[in-house]
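This report refers to the structure that appears directly beneath it.
Only the coordinates and a few stated rules stand behind these numbers; no lab work does. Predicted, not measured: the structure shown is a model, and the values here were computed from it. Positions of Cβ are backbone-derived with ideal geometry, glycine not excepted, and every protein chain shown enters the neighbour counts.
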Amino acid sequence: MRNLTRILPVDAEGLATAAALLRAGWLVAFPTETVYGLGGSALDEAAVARIFAAKGRPAEDPLIVHLANVAELPRVTTALPVSAMLLAEAFWPGPLTLIVPRGPEIPLAVTAGRPTVAVRIPAHPVARALLREAGLPIAAPSANRFGYTSPTTAAHVLADLDGRIEAILDGGPTTIGVESTVLDLTTPIPTLLRPGGVSLEALRDRLGPVLVGQRQPAGSGAGLASPGLLDRHYAPVTPLWFVRGSPAAMQIWLRERVRAELALGRRVGLLVPDEDASALADLEVDCEPLGPAGDVAQIARHLYAALRALDQRQPTLILARDLGAIGLALAIRDRLTRAAAGRVIELERP
Ligand code: TXA
Ligand code: MG
């Protein structure tokens, strides 16, 4: 423990304090519309080193640089592809991160030695106010300990990083709840490295063809397009099983699995839409409300808080189910697949 982490309100004084800390090279967590970010000056190598240390993140996993507006892009990149301008107009400010060629002002520590840099203009009013007031590009990974679930509230950040960062701007729960979409624009055809807040359908609408980056087996860290493609990530401590199939088949599987586990004296946590929670309410399970299956936006918003809450109650296992691949459901599938770290049950071929 270095110091106590201060919780700052999002008033003028809180923002001024946060901006001053960032300018001085210290770390401040702040809300974005996706998840909370662990911010430090992207122009200051010492600050960047502090980010990696606070998170316990391996130095080969590069950071996203956050900007207040497009006018600052020349500070970060040397050459913007035409596609970037198209996407910027459609989706910025917003939950989209673009991989573009790195500019000389950005230290190599930020990009883990890569010739490319990840850049995003967030939409959250607190993030925007902070970026403007600090007057700096801010490097910010999600504000969690490395490999653990991303934070969607200031309390989540505090639980992971208390004493490791100077301050947290408390802007309440984030609205999207899963991380930004990461799109590589340095490949001949744009490549989706991480599904997120902007859907693959929306990207294809604007760009035409978009390739989908392949997931890598856990542990094969070297030479990946994006270390974020690693299998194990976003994981709770409790073993999580992720089931895929038709809604009816998944519900039958969930019931059978819960009954089998209960018969063995185990405690089961359920991370499922409201319909499944009601259908299984006769069984003695621990459940966190996510929202109706048809409202993936609501489920995404509640997903990480529910996962953390279940995890903290230390059931023997957590069961989660698929919601499909349309819109935000693809990001949810991606995160739950990683959280499952290989414990994925396919009930039928899609
Ligand atoms: O929503 C978000 O994106 C949040 C908020 C705070 O902006 N940030 C976030 O950062 O999720 P992080 O560090 O947890 O995830 C960034 C992802 C990682 O998978 C990283 O490997 C990838 O982006 N990435 C960063 N720079 C890259 C680069 N130059 N090339 C390829 N992938 C990169
Ligand atoms: Mg992260």
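Summing +1 for each Lys or Arg and -1 for each Asp or Glu among the other residues whose beta-carbon sits under 13 angstrom from that of I106 gives -1.
Computed from Cα positions, the angle between helix 82-91 and the longest principal axis of the chain comes to roughly 60 degrees. Label separation (A279 vs R145): 3.6 nm, computed from points 7 Å beyond Cα along the C-beta direction. Label sites at E201 and D295, each approximated as a point 7 angstrom past Cα along Cα to Cβ, lie 1.9 nm apart.
The listed peptides 142-152, 71-81, ordered by packing as a protection proxy, come out as 142-152, 71-81 (highest mean of other Cβ atoms within 10 Å first). Summarising the label geometry, the points placed 7 Å from Cα in the beta-carbon direction at E105 and A155 lie 3.9 nm from one another.
When its C-alpha radius of gyration is set against 2.2 N^0.38 Å (N residues), segment 240-346 gives a value of 0.96. Cβ-Cβ distance of L86 and R343, R₀ of 35 Å, FRET efficiency by 1/(1 + (r/R0)^6): the value works out to about 0.35. Compared with the alpha-carbon gap, the fully stretched path from I326 to R313 is longer by 1.6 nm at 0.36 nm per residue. You can think of it this way: the chain between R6 and A249 has 82.7 nm of extra reach, that is 0.36 nm per residue less the Cα-Cα gap.
Treating r as the C-beta distance of D286 and L211 and R0 as 51 Å, the FRET efficiency rounds to 0.80. Computed over the alpha-carbon pairs of the chain, the distance histogram in 10 Å steps reads 6, 26, 34, 23, 10, 2, 0 percent, short to long. Between P236, P247, P190, the residue with the greatest mean-square fluctuation in the GNM of the chain (Cα pairs under 10 Å linked by springs) is P247. Here segment 150-220 and segment 62-76 have alpha carbon centers that stand 16 Å from each other. Note: relative contact order over segment 6-212, using C-alpha pairs below 8 Å and six or more positions apart, is 31 percent. Would you mind checking the tilt of helix 45-55 against the longest principal axis of the Cα atoms of the chain, expressed as 0 to 90 degrees and rounded to 10? Helix 45-55 and the main axis of the chain meet at about 10 degrees. Of the residues G40, G196, G56, the one that moves most in a GNM of the chain with alpha-carbon contacts below 10 Å is G56.
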